[in-house]
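What follows is a short report on a single structure.
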Amino acid sequence: MTVSDKLLYGVIKPGRYTNHEWQAIHKDWDTTPIRVALAYPDLYEIGMSNLAVQILYELFNREPDTLAERVFCPWVDMATALRKANLPLGTLESGRPLKDFDVVGFSLGYELNDTNILEMLALGGIPVLASERDDSHPLVIAGGSAALNPEPMADFFDCFVLGDGEEVVPELLEVIRGWEGKNKLSRAEKLKQIAAIPGVYVPSFYRLEYLPDGRLASFNPVNDYAPPLVKRRLVMALPPPMVHPVVPYMEVIHDRGVVEIQRGCSRGCRFCQAGIIYRPVRERPRGEVLEAVGTLVTNCGYDEVSLLSLCTSDYPGIEKLVGDITQRHPELAISLPSLRLDSFSVGLVSSLPSRRRSGLTFAPEAGSERLRNVINKVVSEDDILATAATAFERGWTGLKLYFMVGLPTETMEDAEAIVRLVGKVQQTGPKGRRPQVRVSLATFVPKPHTVFQRVAQAQEADINARCDAIRQGLRRHGIKLSWSDPRVSLLEAVLSRGDRRLGKVIYRAWQSGAVMDAWSERFDFAKWQAAFGECGLSPDFYARREREPDELLPWAHIDIGVKPEFFARELRRAQEAVPTADCRVSPCNACGFEKSVAQCKQKLGKAAK
Ligand code: SF4
């Protein structure tokens, strides 16, 4: 975004708005027929750490007839400066305003970024409401995990791409190529053609009706171009790793190279949406990972690489892989996110080239074994204490533990169990020296496409009472506690499981100045409360209401491959605090892929024998 220096001098972190980073791709606008703006609805330093943004950037720009350029949500100072200077929001590479592109594609990863999308559309010169766009405006498309309940944002997008984008991008470009020279092709005609791509959902092709009490009554296609169910797209073999990322000049939140070693997780934690929407597990061959690490280091000069997955310690042969990388690149730091809470993981991180062993992070999520069985986070207290003891023995000086409050069936007793457990963890430290234990508490947010998609979020009073009890209890142990604002989690719960009527609330909140809600200094709940009031809707209806088993859910027309029976069965087991084993190391749990995915069929076949 070639904003004038005058503007850059007037804002914080001007590096967010400059261009020409290492491996940024610049194509000639006039000779490249298809123009795509890749929009990330948060700050540059967040978006540039997002692997999907880098993958899509490489995927689109790989096509000779297509250019893809990046745009991130400007912080409020730059947004104000643009409006004052009457300048549009443009992309980093060419500075072209968003309205000039053929397609503007947004990554939807977090509901609290919803108003940023409206802000970027408005600043980019594109009508915020899809219904107000004409043939001259770009197609506005969304993808990403939060797009799997597209309804709250349906008013603002022309269509949604559901699932793995790597397969849909080439098909989308094929359709767009067909439009070349056909300037008279109407927007409606274009949407019909796009709706024919499996995994693409065009919300305007569906009509919804509501019951008097506000529940959804029906959800039906209004034409033959719209399938009753839109199936999530799934790549069974991970595409080649992305080894030419754009390397930022300014510091970003994850300032290191990234290799995705596997996609999906089969542990089956019942609160976890990622564990369901990225099923089944697809592993990248070890040789490919090794080669990618080498190429990344050569191409980008990184001194640290992250081996990305939802549960890194479950990757088969992870210790050998870490060993091979260390052997080839002894100077390279290796980051292993989301480790399983067991001694194996401690052994694994301890095998990394010795660096200052400051802190390890684990997520027991619940304090009592009963509640861990309810959420299917199957780890015993003995395991947790043994893991902590091993970590301290191996020289780690600090542990960060993540817990949730407000989980289904949770009692004050469970909250107090967190205090007891953390106290015991502290005792496992070396004699005479108190290890540094930090605790982070988040409010449980029920998400669509999870086992808990029908449960009510806990009342604020209960959450606060339990947080207070935990804080006072931990204070006795001299342990610091950080916890998320329950009102932020309430809004997230509403936007996660909302229906299409929420579009008006989001629009009203944005008009009243709600942007950057994910940043605590910007979050203003009063604006949202006012917007709900003006639209005659209640946050509690969406967040704190149990859904009956037969209630039509706003995302029921999105088929992610996991079947409703599996969710119902798992919910019953949760209510009985009965865990379900990981299908990677035990028989198939028939979640829905058993007939469609070869590896699952095999597993089921073996189980059947
Ligand atoms: S179908 Fe079976 S093996 Fe495949 S992911 Fe589901 S539970 Fe696991």
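The values are calculated or read from the model by the stated rules, or taken from the named source; none is laboratory data. Note that the coordinates shown come from a computational prediction; the quantities given were computed from them, not determined experimentally. As a convention, Cβ positions derive from the backbone with ideal geometry for all residues, glycine included, and neighbour counts pool all protein chains shown. Each accessible area value is taken on the protein alone, full model and side chains, heavy atoms only, with ligands, DNA and RNA left out. Shrake-Rupley method; radii C 1.70, N 1.55, O 1.52, S 1.80 Å.
Below, the figures for the structure above:
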{"quantity": "Segment Tyr249-Arg569, length gained on full extension (0.36 nm per residue, minus Cα span)", "calculated": "110.2 nm"}
{"quantity": "Degrees separating the helix 412-427 axis from the principal Cα axis of the chain, which is the longest one", "calculated": "70 degrees"}
{"quantity": "Relative contact order [Cα under 8 Å, 6+ residues apart], the chain, whole percent", "calculated": "13 percent"}
{"quantity": "Beta bridges by DSSP in the chain, antiparallel share as percent, to the nearest 5", "calculated": "20 percent"}
{"quantity": "Anisotropy class of the range 540-609 from Cα gyration tensor, a/c 1.5 cut", "calculated": "oblate"}
{"quantity": "Per-residue HN-Hα couplings for the range 8-22 [Karplus 6.51, -1.76, 1.60; θ = phi - 60°; Hz; x = Gly/Pro]", "calculated": "4, 5, x, 10, 7, 6, x, x, 5, 10, 9, 9, 6, 5, 4"}
{"quantity": "Cα centroid separation, the range 295-341 to the range 467-524 (Å)", "calculated": "34 Å"}
{"quantity": "Loop-located trypsin sites (Lys or Arg not before Pro) in the range 290-397 whose Cβ has at most 12 other Cβ within 10 Å (DSSP)", "calculated": "Arg355, Arg356"}
{"quantity": "Those residues of the range 274-299 whose amide nitrogen sits under 15 Å from the label point placed on Arg328, 7 Å along Cα→Cβ", "calculated": "284-299"}
{"quantity": "Extension reserve of the Arg471-Asp524 stretch, reckoned as 0.36 nm per residue once the Cα distance is removed", "calculated": "16.6 nm"}
{"quantity": "Reachable aspartates and glutamates, given that their alpha-carbon falls under 15 Å from the alpha-carbon of Lys99 and they are not under 8 places away in the same chain", "calculated": "Glu69, Glu119, Glu132, Asp134, Asp135, Asp158"}
{"quantity": "Convex hull per residue volume in Å³, alpha carbons only, for the range 118-172", "calculated": "91 Å³"}
{"quantity": "Low-density loop positions, chymotrypsin sites (Phe, Trp or Tyr not before Pro), the range 269-344 - DSSP coil, at most 12 other Cβ in 10 Å", "calculated": "none"}
{"quantity": "Loop trypsin sites (Lys or Arg not before Pro), the range 32-87, which have at most 14 other Cβ atoms in a 10 Å radius of their Cβ (DSSP)", "calculated": "Arg62"}
{"quantity": "Helix-only [θ]222 nm of the chain, DSSP H runs n ≥ 4, -39500 (n - 2.57) each, per residue, nearest 500", "calculated": "-10000 deg cm²/dmol"}
{"quantity": "Normalised alpha carbon radius of gyration of the range 5-231 [divisor 2.2 N^0.38 Å]", "calculated": "1.02"}
{"quantity": "P(r) histogram, all alpha-carbon pairs of the range 1-139 included - 5 Å bins from 0, percent", "calculated": "2, 10, 21, 24, 21, 15, 6, 1"}
{"quantity": "Å³ per residue enclosed by the Cα convex hull of the range 393-487", "calculated": "109 Å³"}
{"quantity": "Fraction of accessible area attributable to carbon and sulfur, the chain (%, probe 1.4 Å)", "calculated": "53 percent"}
{"quantity": "Inverse mean reciprocal Cα-Cα distance (Kirkwood Rh) of the range 105-254, Å", "calculated": "17.2 Å"}
{"quantity": "Segments 535-542, 305-312, 478-485 sorted - mean Cβ within 10 Å per residue, highest first", "calculated": "305-312, 535-542, 478-485"}
{"quantity": "³J(HN,Hα), Karplus 6.51/-1.76/1.60, whole Hz, each residue of the range 491-505, x for Gly, Pro", "calculated": "5, 4, 5, 5, 5, 6, 10, x, 10, 5, 5, 5, x, 5, 5"}
{"quantity": "Arg394-Val235 pseudo-label distance in nm [points 7 Å out on the Cα-to-Cβ vector]", "calculated": "3.2 nm"}
{"quantity": "Tilt relative to the chain, helix 165-177 - C-alpha long axis, 0 to 90 degrees, to 10", "calculated": "0 degrees"}
{"quantity": "Proximal lysines to Lys527, defined as alpha-carbon separation beneath 25 angstrom and excluding residues fewer than eight positions away on the same chain", "calculated": "Lys84, Lys447, Lys504"}
{"quantity": "Probe 1.4 Å, all protein chains present, accessible-area order of Ile12, Ile325, largest first", "calculated": "Ile12, Ile325"}
{"quantity": "Rg in Å to one decimal, and Dmax rounded to a whole Å, for the range 185-283 via C-alpha atoms", "calculated": "19.7, 55"}
{"quantity": "Distance violations [Cα-Cα > 21 Å] among Lys13/Lys480; Lys563/Lys595; Lys377/Lys595", "calculated": "Lys13/Lys480; Lys377/Lys595"}
{"quantity": "Cut-off under 5 Å, modelled amide H: who pairs with Ala24 long-range", "calculated": "Val247"}
{"quantity": "Spin-label zone in the range 123-155 - amide nitrogen under 12 Å from a point set 7 Å from the Cα of Val175 along the C-beta vector", "calculated": "139-142"}
{"quantity": "In Hz, Karplus ³J(HN,Hα) per residue of the range 594-599 (6.51, -1.76, 1.60; θ = phi - 60°; x = Gly, Pro)", "calculated": "5, 9, 10, 10, 3, 4"}
{"quantity": "Inverse of mean 1/r across different Cα pairs in the chain, Kirkwood, Å", "calculated": "25.6 Å"}
{"quantity": "0 to 90° range, to nearest 10: angle between helix 286-300 axis and the chain longest Cα axis", "calculated": "60 degrees"}
{"quantity": "Whole-number accessible area per residue in Å² for the chain, which is evaluated in the context of all protein chains at 1.4 Å", "calculated": "41 Å²"}
